[in-house]
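Take a look at the structure set out below.
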Amino acid sequence: MNYDLVIKNGRIITAHTSYNADIAIQGEKIAAIGQNLAGEREIDASGKLVTPGAVDIHVHLQMPIGKFTSSDDFFTGTRAAALGGTTAVVDFIERQPGETMLEALAARRALADPKVAIDYGLHMTIGPNDITHLDEIPAAYAAGCGSFKLYMAYGLRLTDDQLLHAFRAIRAVNGLPVVHAENWDVICALVDENLANGNTTPHYHPLSRPALMEGEAAGRVIDIATLAGTRLHIFHVTCAETVGRIAAARARGLPVTGETCPQYLLNTQEVYDRSGVAGALPVCAPPIRGQEQQDALWRALGSGDLQLVTTDHCPFTRAEKETGIAANDFSQIPGGVPGIEVRYAAVYSQGVRHGVMTENQWVDACCTTPAKLAGFANKGDILAGYDADLVIFDPDKKVTLSTEFLHENVDWTLYEGVQLQGWTETTISRGRVIVENGKFVGRGGDGRFIKRRFSDSAIPILA
Ligand code: DUC
Ligand code: ZN
């Protein structure tokens, strides 16, 4: 039989194994994996790696934050994601006053559905104004918001008692809470102290958000989640202090996971000492830290103490970043950096090629565990019956990253001049080739909102 599409002669890399075989696609699904498969269309992947499509469960597209809106919209952001080998993302919903969670979901979908080039899901944010709306969580979960975002920082910060109530409500539907863990009171005190002392440049951004207190917040939220009997995922881990809390919890058998991001794996905090707006561009929270912390993050990915890599992709333009410099106040710089396009290749190049992780750990951290954790039932692996979300990755291709090379809708990159070995050649989304020889050939609107939910019987404890 001739399948619709066959990827021939590639080396298949999954989270657990590597082997040579053909992959046959029928319609939107992987139909068979074997030798000498034939297709109406065939793509030769000799010398290439064939992996599941990468899954990024932490992105902020056209997201209003303060005065600004992140500069990638649902089209440009998902196009850049696809060019980097990502076939599914999870973005966020923030309920506005007067809306129900379901109305907020519908409003966010109305923005995203016509534009997305790849499949996507949405986390429902639970802020302080949502604590009186926790009875809407079952409806949000049933509508496909399998995960709920809780902040311990910013205006959306929940106090410890609010975290407890939110965790219990999320636990009741078997949803996944995902948390931004920082100690907001201490951050505010240190920011105020620095500004009062005339310490206004971005150099003082990481100094106002110490690793010690990120670890404290992580430990506290793990304990509150444990009391509530819920699993927990910790976003954007930047330091050994937080890794240690997650590892200790997991050693006790608790269902706690953690992620880190390329900005923390490829940069150190000296980026904040660059002059003028250049020092403002890398401002994100938690902040980029020193070399020892970066080394600790790589070690944690290699040892399994951290389970996944996401991006927290949230780009703001140079002009928007400049406003914080003009105000002479690092705390007014809009926080967030781009990374949606570079993640998969960056982890391969700097992780696998440098011997820190295996190719199977790379796929696990960027594809399989994010898909499983976020409740994408048919994504993140190469198995018959799964969505035909696949990447043909050229492990030898050398690229030099630059704003011109990348496709994110922002006029700078944190990775200017960085050389990577390994890049995505072809991306397939539910059977459609959407990136071919490094060129985007997909369409906005072809991606789909994926309802994510978990088995009612058990909380998945990820090994
Ligand atoms: N951190 C950022 O830097 N930007 C967006 C949200 C976040 O947590
Ligand atoms: Zn984020």
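Just a few scattered comments:
- Among residues of segment 207-229 that are over 20 Å from L190 (Cβ atoms), those with a Cβ under 7 angstrom from a residue that is in a helix (DSSP H, G or I) and of a type in the set (K, R), sequence gap 6+ or separate chain, pair up as I222/R245; A228/R168; A228/R171; G229/R171.
- Some residue of segment 350-364 being among the acidic types (D, E), away from ligand 1 (no atom under 16 Å from the Cβ) and outside any helix (DSSP H, G or I): no
- In segment 256-295, the qualifying residues are those that are free of Cβ contacts under 8 Å to residues at least 60 places away in the same chain and among the β-branched types (V, I, T), and the one that is farthest from ligand 1 (Cβ to nearest atom) is V256.
- Looking across segment 54-92, the residues that are among the hydrophobic types (A, V, I, L, M, F, W, C), within 13 Å of ligand 2 (Cβ to nearest atom) and modelled with pLDDT of 95 or more come down to I57, V59, L61, M63, V89, V90, F92.
- Criterion violated by V309 - all others in (1) in contact with a Cys (Cβ under 8 Å, 6 or more places away or on another chain); (2) more than 16 Å from ligand 2 (Cβ to nearest atom); (3) hydrophobic (A, V, I, L, M, F, W, C) satisfied: (2)
- Residue pairs meeting the criteria (Cβ under 7 Å; at least 6 apart or on separate chains; first at pLDDT below 95, in segment 102-114; second of a type in the set (V, I, T) and surrounded by 17 or more Cβ atoms within 10 Å (Cβ to Cβ)): none
- Within segment 373-463, strands (runs of 3 or more DSSP E) holding 1 or more residues that are over 17 Å from T86 (Cβ atoms) and in contact with a helix residue (DSSP H, G or I) (Cβ under 6 Å, 6 or more places away or on another chain): 419-429
- Counting only residues that are part of a strand (DSSP E or B) and either over 22 Å from the mean Cα position of the chain (by Cα) or within 16 Å of ligand 1 (Cβ to nearest atom) (or both), segment 208-249 holds 2 of them.
- Total residues in segment 334-358 satisfying the condition of being closer than 29 Å to L122 by Cβ and away from ligand 2 (no atom under 16 Å from the Cβ): the figure is 8.
- If you go through segment 332-349 and keep only what is under 18 Å from T317 (Cα atoms) and within 16 Å of ligand 1 (Cβ to nearest atom), you end up with Q332, I333, P334, G335, G336, V337, P338, G339, I340.
- Cβ-Cβ under 6 Å pairs, at least 6 apart or on other chains, segment 58-84 side under 20 Å from F393 (Cα atoms), far side in a strand (DSSP E or B) and within 16 Å of ligand 1 (Cβ to nearest atom): A81/V89
- Unmet criterion (only one of (1) out of contact with any helix residue (DSSP H, G or I) (no Cβ under 7 Å at 6 or more places or on another chain); (2) farther than 18 Å from Y272 by Cβ; (3) within 16 Å of ligand 1 (Cβ to nearest atom)) for T311: (1)
- Figure legend. Inter-residue proximity from segment 230-255: first residues over 15 Å from H58 (Cβ atoms), second residues among the aromatic types (F, W, Y), beta-carbon distance below 6 Å, spacing 6+ or different chains. Indicated pairs: T230/F167.
- Whichever residue in segment 288-319 is under 16 Å from the mean Cα position of the chain (by Cα) and of a type outside the set (A, V, I, L, M) and, among such residues, is farthest from L373 (Cα to Cα): P315
- Residue tally, condition within 11 Å of ligand 1 (Cβ to nearest atom) and within 21 Å of W412 (Cβ to Cβ), over segment 69-92: 1
- Some residue of segment 35-52 being among the basic types (K, R) and either surrounded by 23 or more Cβ atoms within 10 Å (Cβ to Cβ) or free of Cβ contacts under 8 Å to residues at least 12 places away in the same chain (or both): no
The values are calculated or read from the model by the stated rules, or taken from the named source; none is laboratory data. Being a predicted model, the structure only gives us computed values, none of them experimental. Quick reminder, even Gly has a Cβ in these numbers, built from the backbone with ideal geometry, and neighbours come from all protein chains shown.
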